[in-house]
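Since the structure comes first, as structure tokens, the remarks are kept for the end.
The values are calculated or read from the model by the stated rules, or taken from the named source; none is laboratory data. Being a predicted model, the structure only gives us computed values, none of them experimental. Methodologically, a virtual Cβ is constructed for each residue, glycine included, from the backbone with ideal geometry; neighbour enumeration extends over all protein chains shown. Surface accessibility is based on the protein's heavy atoms, side chains included, excluding ligands, DNA and RNA. Shrake-Rupley method; radii C 1.70, N 1.55, O 1.52, S 1.80 Å.
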Amino acid sequence: MRSKVSLLWLIVTSLAAIYSASRADAASVWKVTSPAGGTIYLGGSVHALKITDYPLPSAYNRAFDASTRLVFEVDRKALTDSSKGLEKAGEYPKGDSLKNHVDPRTYAYLRRLFGLMKVPQEKIDRFRPWFLALLLQAPSLQGMSEDLGVEGFLTRRAQANNKPISGLETAREHMEIFSGLSDRQSEAMLLLLFIPMDNAKGEGSQLLQAWRRGDADGETRTFTEGFRDFPSLGNRLLAARNRNWIPKIEGYLRGGQTCFVVVGAAHMGGPNGVLALLRGRGYKIEQL
């Protein structure tokens with residue numbers, strides 16, 4: 001079940017976060033200062049990595065050392081504890097099945113795909129398209145590990161230093177990003193992610209390069225281009241969540257503690273990204 005939870009981490013973030021190290025002179029880490037003097041740090045997250053991606057850029061350690069609390073998209077412990085709810089939300093009720101909710105061509109494609117993976121048809125019939133997408137995005141299938149991702153690294157440091165960790169979203173809010181999808185949105189998400197596979201690999205390479213040079217706009221642009229034929233879905237995964245997070249981030253800036261807020265790297269750039277939204281409210285932002 002733990003592996004299924006890790007799937008949610010990988011897809012939500014925008015799918016842009018399976019990549020590695022940045023240049024020495026730029027990183028996806030920023031210092032945010034309010035006119036009143038409050039300070040937080042923002043980090044673009046890479047949720048699953050390989051051991052060869054280490055060490056992480058030093059800016060992550062500097063921001064961690066300067067902070068008293070970590071804030072992730074969602075508290076990882078709460079997400080793990082809610083894993084049964086995730087699977088239940090992704091499963092059709094008895095008497096219903098995937099075939100009744102997707103285009104026949106999509107269904108035929110999925111049968112072939114999972115057939116090659118030796119997965120029985122009756123198993124895929126149980127689940128909604130968005131849940132199948134999460135299964136197919138398992139870090140282990142790409143030779144990566146969530147434990148080696150940015151959150152995993154920072155969690156271990158936080159535990160060793162007795163620093164608290166909280167989330168911008170509750171586990172329920174996080175799951176509803178997917179469980180609240182319509183049939184059409186759910187099917188579109190699956191198709192946009194996996195047809196064709198070669199395009200996804202190309203986008204991954206572009207995201208890697210952008211993340212390495214600390215290019216927040218490049219990260220977000222590459223991610224959103226993948227959803228250009230279904231912008232409402234991209235908005236649900238990125239922009240809508242960014243807007244929901246801003247009041248909480250402003251609360252941290254007023255709260256007297258220095259928090260290190262770490263979210264998927266694709267959430268940072270673009271006109272609807274976290275950085276632009278904070279700049280528009282008068283906060284000073286410096287890239288580390």
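The stretch between residue 257 and residue 62, if pulled fully straight at 0.36 nm per residue, gains 68.6 nm over its current Cα-Cα span.
Amide H contacts of residue 166: 70, 71, 72, each under 5 Å away and 5 or more positions distant or on a separate chain (H built 1.01 Å from N in the peptide plane; Pro and chain starts excluded).
When the range 107-191 is described by a simple charge dipole with +1 on each Lys and Arg Cβ and -1 on each Asp and Glu Cβ, the residue from 121, 170, 132 located farthest towards its positive end is 121. Of the solvent-accessible surface of the range 150-279, computed with a 1.4 Å probe and all protein chains present, 48% belongs to carbon and sulfur.
Local charge for residue 255 was computed over the other residues whose Cβ lies under 11 Å away, with Lys and Arg +1 and Asp and Glu -1, and equals +2. Only lysines eight or more places from residue 50 in sequence, or on another chain, were considered; those with a Cα closer than 20 Å are 4, 201. Annotation: amide H-H contacts under 5 Å for residue 29 (H modelled 1.01 Å from N, sequence separation of 5 or more, or interchain): 44, 288. On a per residue basis, the range 28-183 carries 47 Å² of accessible surface, using protein heavy atoms and a 1.4 Å probe. GNM remark for the chain: springs join alpha carbons under 10 Å apart, and the peak mean-square fluctuation among 270, 218, 255 falls on 255. What the Cβ-Cβ distance of residue 125 and residue 77 gives, at R0 = 45 Å and to the nearest 0.05, is a FRET efficiency of 0.90. In this simple spin-label approximation, residue 170 and residue 117 carry label points 7 Å from Cα along the Cα→Cβ vector, and these lie 3.1 nm apart.
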